Amino acid sequence: MNQNIKTKYMILKYELSAEGIKVLAEEITKNLKKESGFFLNNSEDVYFTIDELAQFINMTKGSIYGLVHKNAIPYHKKGKLYFLKSEILDWIKSGKRETKTSLHDKANEYLAQNPFQ
């Protein structure tokens, strides 16, 4: 049976029932995982290949290789390069920069607590 016909049959068969919604959600999740190569469940830690990482963080493979060469990005090497999703997300978060306003506020706070003598 053709996959599209099978899917349409499942939709008609389970339309509006709780079981139908559950089945559709499972099918959608399975298809998204298969198509994207990424897991939707944040509790699962996923290893990316360099191609998957390039797509995930929207960088070129050459740029990623440069960061690996400088040890500027967390990676694992076991024959090939692998990148742990949680480590990449932490690495991205660690790149947060202070705004000019927040730096001025911190400087003013410091000067107020430590007056010139």
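Can you list the GluC sites (Glu not before Pro) in the stretch 82-117 that are in a DSSP coil and have 16 or fewer other beta carbons within 10 angstrom?
Glu98
For the pairs Lys30/Lys85; Lys70/Lys96; Lys30/Lys77; Lys61/Lys85, note any where the Cα-Cα span goes beyond 25 Å.
Lys30/Lys77
No lab work stands behind these numbers, since they all come straight from the coordinates. Everything numeric here is computed off the predicted structure, so don't read it as measured data. Here Cβ is always computed from backbone atoms with ideal geometry, including for glycine, and neighbour counts include all displayed protein chains.
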